[in-house]
Amino acid sequence: AQSVTQLGSHVSVSEGALVLLRCNYSSSVPPYLFWYVQYPNQGLQLLLKYTSAATLVKGINGFEAEFKKSETSFHLTKPSAHMSDAAEYFCAVSDNSGTYKYIFGTGTRLKVLA
Amino acid sequence: DTAVSQTPKYLVTQMGNDKSIKCEQNLGHDTMYWYKQDSKKFLKIMFSYNNKELIINETVPNRFSPKSPDKAHLNLHINSLELGDSAVYFCASSHQQGYTEAFFGQGTRLTVV
């Protein structure tokens, strides 16, 4: 069964610093992977997705993620943090074995320090 | 136009009451979901419907009953509400489940007092 592990429930970075949010997955089939962002009192918004095309995926708001099969990782990065990036970030894997669900990690709260 | 819309956004009710949350998507998707987000922000699948057919019931108490009158709507009815039901409930939809992203509603914050 697929699963997702996000290391670090809280990450703090200074404004302008590199953002690195970690996600490792477990999947018995080629996975489809997603990063979502949740701002306070809002729903989840897709940042980017990996669906077996290019391993380096670019998303919205300057975020990108690299799929590394050998490391079973899909870490999210952004070269320069902005105050508006403060939010909760979720990595998810789709259960594409036909059972119709997305499995989410436990989330990482990103704090951006001025 | 909101892609996935849920009503109400906030719901405060007493223990023992029955309440419903409605969800509509205008994306033409075949698959719809209900997720529950607890106080620690953990997201857990509750139900999944594909073309109005229940596909997943993820060990949810039978006090929770989803209903999909058509592909664009998935409602959630909760009987005999308990304190532990307090959470944020998200509706979502997707096309070709798993191969594309899910689109989420804004959530319904349910508080049981």
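A few points about this structure:
- Matching residues in the range B:44-65 - criterion: being in a strand (DSSP E or B) and either more than 14 Å from every other protein chain (Cβ to nearest Cβ) or over 14 Å from A:Lys101 (Cβ atoms) (or both): B:Glu53, B:Phe64, B:Ser65
- Taken over the range A:26-47, residues that are buried (at least 20 other Cβ atoms within 10 Å of the Cβ) and part of a strand (DSSP E or B) amount to 8.
- The residues listed here are A:Ser14, A:Ser52; of these, the one that is more than 27 Å from B:Lys36 (Cα to Cα), within 14 Å of chain B (Cβ to nearest Cβ) and surrounded by fewer than 18 Cβ atoms within 10 Å (Cβ to Cβ) is A:Ser52.
- The number of residues in the range B:75-113 that are among the polar types (S, T, N, Q) and over 14 Å from B:Glu24 (Cα atoms) comes to 7.
- Of all residues in the range B:26-43, those that are within 10 Å of chain A (Cβ to nearest Cβ) and open to solvent by 60 Å² or more (accessible area, probe 1.4 Å) have Cβ atoms under 8 Å from Cβ atoms of residues that are modelled with pLDDT of 95 or more and in a loop (DSSP other than H, G, I, E, B), 6 or more apart or on another chain, in B:Lys40/A:Thr106; B:Phe42/A:Thr106; B:Phe42/A:Gly107.
- Check on B:Pro69, assigned to a strand (DSSP E or B), over 18 Å from B:Phe104 (Cα atoms) and without any contact (Cβ under 8 Å) to a residue 40 or more places away in the chain: yes
- Filtered by the rule that a residue be within 10 Å of chain A (Cβ to nearest Cβ) and open to solvent by less than 60 Å² (accessible area, probe 1.4 Å), the range B:6-25 gives a lone residue, B:Gln6.
Residues checked against (1) in contact with a His (Cβ under 9 Å, 6 or more places away or on another chain); (2) under 25 Å from A:Thr51 (Cβ atoms); (3) aliphatic (A, V, I, L, M):
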| position | (1), (2), (3) |
| --- | --- |
| B:Ser5 | no, no, no |
| B:Ser20 | yes, no, no |
| B:Glu24 | yes, no, no |
| B:Thr59 | no, no, no |
| B:Lys71 | yes, yes, no |
| B:Ser80 | no, no, no |
| B:Ala87 | no, no, yes |
| B:Ser94 | yes, yes, no |
| B:Tyr99 | no, yes, no |
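- Close pairs (6 angstrom Cβ cut-off, 6 or more residues apart or separate chains): closer than 28 Å to A:Asp95 by Cα in the range A:2-20, part of a strand (DSSP E or B) and open to solvent by 70 Å² or more (accessible area, probe 1.4 Å) anywhere: A:His10/A:Arg109
- Scanning the range B:85-113 for residues that are open to solvent by 60 Å² or more (accessible area, probe 1.4 Å) and away from chain A (no Cβ under 14 Å) gives a single hit, B:Val113.
- Hits in the range B:94-113 - residues which are among the small types (Gly, Ala, Ser) and at pLDDT 95 or above: B:Gly105, B:Gly107
- For the range A:89-100, the count of residues that are among the hydroxyl-bearing types (Ser, Thr, Tyr), part of a strand (DSSP E or B) and under 21 Å from B:Gly107 (Cα atoms) is nonzero.
The values are calculated or read from the model by the stated rules, or taken from the named source; none is laboratory data. Model, not experiment: these values are computed from the prediction. A quick note on method: Cβ atoms are made from the backbone with ideal geometry, for glycine too, and the neighbour counts reach across all protein chains shown. These area figures cover heavy atoms from the full protein model, side chains too; ligands, DNA and RNA do not enter into them. Shrake-Rupley method; radii C 1.70, N 1.55, O 1.52, S 1.80 Å.
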